Amino acid sequence: MNPESELHELVDGAREVLRANDLGAWTKPAPNLYPHQWNWDSGFIAIGLSHYDSRRAQEEIRSLLRGQWHNGMVPQIVFNPQAHGYFPGPEVWQSEQSPLAPAGVTTSGITQPPILATACRAVWQHTPDRAEAQAFLREVFPHLLAYHRFFYELRNPDGDGLIVVLHPWESGLDNSPPYLEAGSRVVLSYRPTYQRLDTAHVDVAQRPTDRDYDLYVYLLEQMRADGYDPRRYLPHAPLQVQDVLFNSILCRANDDLAEIARVLGEEPAPIDQWRRETGGAINRRLWSDEDNTYFSYDRVAGMLLKDDTIAGFGPLYGRVAPPERAERLIEIRLLNPRMYHPAYPIPSTALDSPWFQPETYWRGPVWMGTNWLLIHGLVDAGRLDLAATLTRQTLALVEHAGYREYYNPFTAAGYGTDQFSWSAALTIDLALPLLSPAG
Ligand code: 9WN
C-alpha cells in the first residue's frame, strides 16, 4: 500500500484541490457545498499549505481572524459576500445586528473546535524565514489569547474549565449521536420555516435529516434573538453539551498557545492553568469507568451522553488521558473490530451503536480530520506502530476514492462533497513525512 510514487501523486492531487478551492486569501472547504470560510477547516488547510506556501498559510489564518468578534469568539463561518447557495447564509444569521460582531464582515454567531492555535504553531514551524515566522506569531498571539479567554470567561458555566457547546454545528460533528440524543430533549416551541440547500449537492441519505435541520435552525433563531451573546443566551440555552472532543482539542491548543507565548517571551502560566483545569475536568467528569471511555456531558439533562462515538478518543489527542486509560481506550475499543476497527478505520460512530449508518455524515463514515487527530493522539500515547498503520489506512481512503468529505468504513466508498479541502490538506501533512527527501 502507498508506494512512494503513489504518495507523490496524492500530494500533487491534494495541492491541485487546494488550488482550485483557493479564493485568494482563504480557501473554501468545497467547490459548491461550502462556498464560505470555515473555522476549523481553515486550521487544517493552513497546516497543509504551510508545507509548501507558508505565506499563503499565514494569509488563511489572517482571513479567518477578520471575523473575530469583540468578545474574542472566532466564528464557525466567515461569509463570502460573493457566494450564494449555502443555507444558512448571512441573511439568516444577521450577525451585523449584534453589537459584539466585527464591522465590515458577516459571520455566523457560533464557533467551532478551536484548533486555531495548533495551526498557527504549525505555520510558524514550517515558515522558512525565521524573522517572518516570529512576526506572524507576534501578530496572531493577542487574537488567539482573546479566543481562548472567550471560552474560559463566557463558555465555562461551571467554572471548572469544561467548556460548553451551544449548537451542534459548534462541535464540528453536527449530527453525531450525542447531539441527536441531547437534541431530542430540546422542545421546539415552533417549527422553523426554511429551505435547505445542501441536498441539492449531496444525496439526502448522506446528510443530516430534516428533523436535525429543524433543531439547527431553531437553535440559531434562539441565539440570534440574544445577539449571540453567551451572557444572555447561555442561562436559558436548551442545548448545552460539554463535549469531550471539543474540550480535548482546546487542551492541545492551550499547549500550543503556551508554547507560542514562550517563544514570544510572553507569560504562559495562565494558559497552562487553563489547560490543567480543562484536562482535570475531562478526567473527573467525562470518564466512565464501566465503559472504558470518555463521554460528553449533557448539562441540561445533567447526565453523560453515553453514545459511543469517535469523540471518546479525544483525550488521547488532548494529551489528557492517563496511560492506564489510554491503554483501555486503545486495546478495548479502538482495536476492537466490532466497535472501531473495520477494514478502513476509524468510524465516526461505533459499528455496534444503534445510531451507526455507514454512509450518513457523522453517524459512521470515516473522516480525514478525526483520523488525523487520532494519529497525533496515538503518537503521544507512545503507540507509534498504530499511528503509522492508521496513517497508511487513512491515505488509502484517498487513494481509493479521492479527496472526499467522508468514506464508508467497510468499503472506502467516498461520500459527501468531492474536492474537500481538509481531506487534501491533511493528505499533504500525512504523506510528506513518508516521502524520502530525494523522492
Ligand atoms: C456546518 C465545512 C463544515 C465542517 C463541519 C461539517 C460540515 C457544516 C454543514 O461542513 O458542517 O458547519 O453545513 O453541514 O460537519 O465539520 O467544518 O466543511
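The values are calculated or read from the model by the stated rules, or taken from the named source; none is laboratory data. Owing to the predicted nature of the structure, the values given are computational and were not obtained by experimental measurement. Don't worry about glycine lacking a Cβ; one is built from the backbone with ideal geometry, like all the others, and counts go over all protein chains shown. When the accessible area is computed, the model is the full protein with side chains, heavy atoms only, and any ligands, DNA or RNA have been set aside. Shrake-Rupley method; radii C 1.70, N 1.55, O 1.52, S 1.80 Å.
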Within the stretch 169-195, tally of residues that are open to solvent by less than 30 Å² (accessible area, probe 1.4 Å) and out of contact with any strand residue (DSSP E or B) (no Cβ under 8 Å at 6 or more places or on another chain): 9
Any hit, the stretch 117-130, residues being at pLDDT 95 or above, within 16 Å of the ligand (Cβ to nearest atom), under 24 Å from residue 240 (Cβ atoms) and open to solvent by less than 30 Å² (accessible area, probe 1.4 Å): no
Residue among 362, 355 that alone is more than 27 Å from residue 15 (Cβ to Cβ), within 12 Å of the ligand (Cβ to nearest atom) and modelled with pLDDT of 95 or more: 362
In the stretch 29-58, residue nearest to the ligand (Cβ to nearest atom) [restricted to those that are part of a loop (DSSP other than H, G, I, E, B) and touching a strand residue (DSSP E or B) at 6+ places or on another chain (Cβ under 7 Å)]: 29
Subset of the stretch 99-116 [in contact (Cβ under 8 Å) with a residue 40 or more places away in the chain and surrounded by fewer than 20 Cβ atoms within 10 Å (Cβ to Cβ)]: 99, 100
All positions within the stretch 376-401 that are touching a residue at least 24 places away in the same chain (Cβ under 8 Å), open to solvent by less than 50 Å² (accessible area, probe 1.4 Å) and either within 19 Å of residue 6 (Cβ to Cβ) or of a type in the set (Ser, Thr, Tyr) (or both): 390, 391, 393, 394, 395, 396, 397, 398
Residues (away from the ligand (no atom under 16 Å from the Cβ) and either modelled with pLDDT under 95 or of a type in the set (Asp, Glu) (or both)) located in the stretch 387-434: 399, 429
In the stretch 95-109, residue farthest from the chain's Cα centre (by Cα) [restricted to those that are assigned to a loop (DSSP other than H, G, I, E, B) and within 16 Å of the ligand (Cβ to nearest atom)]: 106
Filter result (within 16 Å of the ligand (Cβ to nearest atom), within 17 Å of residue 318 (Cα to Cα) and assigned to a loop (DSSP other than H, G, I, E, B)) within the stretch 153-172: 172
Segments classed as helices (runs of 4 or more DSSP H), wholly inside the stretch 177-233, with at least 3 members that are hydroxyl-bearing (Ser, Thr, Tyr): 210-225
Among residues of the stretch 59-94, those that are among the polar types (S, T, N, Q), more than 12 Å from the ligand (Cβ to nearest atom) and within 22 Å of residue 419 (Cα to Cα), counted: 3
Residue check, residue 146 out of contact with any helix residue (DSSP H, G or I) (no Cβ under 6 Å at 6 or more places or on another chain), surrounded by fewer than 23 Cβ atoms within 10 Å (Cβ to Cβ), in contact (Cβ under 8 Å) with a residue 24 or more places away in the chain and not in a loop (DSSP other than H, G, I, E, B): yes
Sole exception among (1) in contact (Cβ under 8 Å) with a residue 40 or more places away in the chain; (2) of a type outside the set (D, E, K, R); (3) more than 30 Å from residue 419 (Cα to Cα) for residue 235, by number: (1)
